[in-house]
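Enquirer: Here it is, the structure in full.
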Amino acid sequence: MADVREYGADELVALLPLPADDANKYTRGRLVVVAGSARYPGAACLAACAGQRAGAGYTEVVCAPEAVDLVRSCRSSLVVRSWLGWGAADLPADAPGKPVAFALGPGFDAEDAACTRNAYLVLKHADAPVLVDGGALAALSTPKGRRLLKRRFVRGLPTVVTPHGGEAARLAEPFGLPTDDPAGLARLVALAYGVVAVVKGPDTFVSDGDDVVAVRCGTPALAKAGTGDVLAGVLGAFLAQGLEPTDAAVLAATLHALAGRCASVRRTDIGVVAEDVVEALPEAVSALVALA
C-alpha cells in the first residue's frame, strides 16, 4: 500500500484563492469547459456553474451544438459556443496576469466522434493546465492519447485526470497496473501517464507520482449522477486561478465533499442532487474556514 498523507485544515484554508483588491475577471482566471455532448448536455451546465462558484472570473463553455441553448439558459453569465468550427486557433493560452485552464470531458459520449476529436484537440493544442474527466478519459488510454499526454509532460504542461474506480481500472489496463489498492493506483496512473491522478471514491486519493494525498471526508450524499461534473468544474476553476495541480485537486475534493455534507443538512442524504452541491459550495468554503 502506498504511503498516504492528508492536508490539514490550515493548509487547505491557505490555498483558498481569495481575490486581490484590484482583481478583474481575467486576473481571476479563465476557465474553458469543453463538455456536454448531445446525449449528456447537463454535465456542461453543472461543471461550468461549479467553476463559477469556485471563483473562476470568466467561464466559457464549448459544447455540442445541440447543447448550446440548454447551457445558455442555465446561467446568463456563462459564455457559450458550439464546438462546430472550433479549432486550435480558438484555444486561449495561459499568460502572466491572465491565467487559463481547461476542464475537458464532462458529459462526453465516448462513442461520439466529435467528443473524441475535441479531446485530442485540447490535449494537443492547449497551452495551459488541462483537467480530463468523464468521457474524455477514454481517449487517454489510446496510443494517440498517450502520445499527447507525453508531449504535454515533456513541455511541462500540467494535466489532471479524475477517474472513478472503474475508469481508473481502464486507465491501468494498457500498462497492466494492479488495481486492488486505490491509493497505489492513483500513484501508478500518475507515473504511467505523466499526470496528477485523482481516483475518486468514498475516500479520494490524489497523486503526482511521488506523494499520495487522501481526502477522507466523502459522503453518500454525493452518490448521485452529476456530482463528478461538479468536482470537475471546481478543480478546473482552481487550476485557472493558478493553484498547483496537487493542491488544486486536494482542495477541490475537500470542498466538494463539504458541499455535499452542507447540502445534505438541508436536503438529507436521500434528497441531495448535483445542483444542490453547486449551490452549497460557498457554504463549504465557510465550513472549511471554521475548521482551521
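Enquirer: Take the residues in the range 245-276 that are of a type in the set (Val, Ile, Thr) and under 18 Å from residue 16 (Cα atoms), then tell me which one is surrounded by the most Cβ atoms within 10 Å (Cβ to Cβ).
Expert: Step by step, filter the range 245-276, then rank; the result is 250.
Enquirer: State all residues of the range 209-218 that are modelled with pLDDT of 95 or more and part of a loop (DSSP other than H, G, I, E, B); if no residue qualifies, say none.
Expert: Passing the criteria: 209, 210, 211, 216.
Enquirer: State all residues of the range 148-158 that are part of a helix (DSSP H, G or I), free of Cβ contacts under 8 Å to residues at least 40 places away in the same chain and surrounded by 13 or more Cβ atoms within 10 Å (Cβ to Cβ); if no residue qualifies, say none.
Expert: If the condition is that a residue be part of a helix (DSSP H, G or I), free of Cβ contacts under 8 Å to residues at least 40 places away in the same chain and surrounded by 13 or more Cβ atoms within 10 Å (Cβ to Cβ), then 148, 151 are the ones that fit.
Enquirer: When the residues of the range 86-118 are narrowed to those that are touching a residue at least 60 places away in the same chain (Cβ under 8 Å) and part of a helix (DSSP H, G or I), which ends up surrounded by the most Cβ atoms within 10 Å (Cβ to Cβ)?
Expert: 115
Enquirer: Looking at the range 1-38, which of its residues are within 27 Å of residue 76 (Cβ to Cβ), out of contact with any helix residue (DSSP H, G or I) (no Cβ under 9 Å at 6 or more places or on another chain) and of a type outside the set (Ser, Thr, Tyr)?
Expert: Matches in the range 1-38: 18, 19, 20, 21, 22, 23, 24, 25.
Enquirer: A further question on this structure: When you scan the range 277-286, how many residues do you find that are buried (at least 17 other Cβ atoms within 10 Å of the Cβ) and closer than 17 Å to residue 10 by Cα?
Expert: Of the residues in that region, 2 qualify.
Enquirer: Could you check the range 204-233 and list, in sequence order, the residues that are closer than 18 Å to residue 3 by Cα and either more than 17 Å from the chain's Cα centre (by Cα) or open to solvent by less than 20 Å² (accessible area, probe 1.4 Å) (or both)?
Expert: Passing the criteria: 204, 205, 206, 207, 209, 210, 211, 212, 213, 214, 215, 216.
Enquirer: Let me confirm something: among 254, 204, which residue is touching a strand residue (DSSP E or B) at 6+ places or on another chain (Cβ under 9 Å), at pLDDT 95 or above, of a type in the set (S, T, N, Q) and under 12 Å from residue 162 (Cα atoms)?
Expert: 204
Enquirer: Can I ask one more? Kindly indicate whether any position in the range 159-168 is open to solvent by 30 Å² or more (accessible area, probe 1.4 Å) and not in a helix (DSSP H, G or I).
Expert: Among the residues of the range 159-168, at least one is open to solvent by 30 Å² or more (accessible area, probe 1.4 Å) and not in a helix (DSSP H, G or I), which makes the answer yes.
Enquirer: Another question about this same structure. Tally up the residues in the range 26-62 that are within 24 Å of residue 288 (Cβ to Cβ), open to solvent by 50 Å² or more (accessible area, probe 1.4 Å) and assigned to a loop (DSSP other than H, G, I, E, B), please.
Expert: Residues flagged as within 24 Å of residue 288 (Cβ to Cβ), open to solvent by 50 Å² or more (accessible area, probe 1.4 Å) and assigned to a loop (DSSP other than H, G, I, E, B) within the range 26-62 amount to 2.
Enquirer: Right, something else. In the range 173-194, which residue that is aliphatic (A, V, I, L, M) and open to solvent by 10 Å² or more (accessible area, probe 1.4 Å) is farthest from residue 160 (Cα to Cα)?
Expert: Out of the qualifying residues, it is 177.
Enquirer: Still on this structure, please answer the following. Which pairs do you get when a residue that is among the hydroxyl-bearing types (Ser, Thr, Tyr), found in the range 243-255, comes within reach of a residue that is at pLDDT below 95 and open to solvent by 10 Å² or more (accessible area, probe 1.4 Å), reach meaning Cβ atoms under 9 angstrom, with the pair 6+ apart or on two chains?
Expert: 254/217
Enquirer: In addition: When the residues of the range 63-85 are filtered to those that are closer than 17 Å to residue 122 by Cβ, part of a loop (DSSP other than H, G, I, E, B) and open to solvent by 20 Å² or more (accessible area, probe 1.4 Å), which remaining residue is modelled with the highest pLDDT?
Expert: Restricting to residues being closer than 17 Å to residue 122 by Cβ, part of a loop (DSSP other than H, G, I, E, B) and open to solvent by 20 Å² or more (accessible area, probe 1.4 Å), the top hit is 84.
Enquirer: What residue, of 221, 249, 257, is touching a Cys at 6+ places or on another chain (Cβ under 6 Å) and part of a helix (DSSP H, G or I)?
Expert: Every option except 257 fails the conditions.
Enquirer: Quick one: is residue 92 under 23 Å from residue 286 (Cα atoms) and of a type outside the set (Lys, Arg)?
Expert: no
The values are calculated or read from the model by the stated rules, or taken from the named source; none is laboratory data. Owing to the predicted nature of the structure, the values given are computational and were not obtained by experimental measurement. Quick reminder, even Gly has a Cβ in these numbers, built from the backbone with ideal geometry, and neighbours come from all protein chains shown. Please note that ligands, DNA and RNA were not included when accessible areas were found on the heavy atoms of the full protein model with its side chains. Shrake-Rupley method; radii C 1.70, N 1.55, O 1.52, S 1.80 Å.
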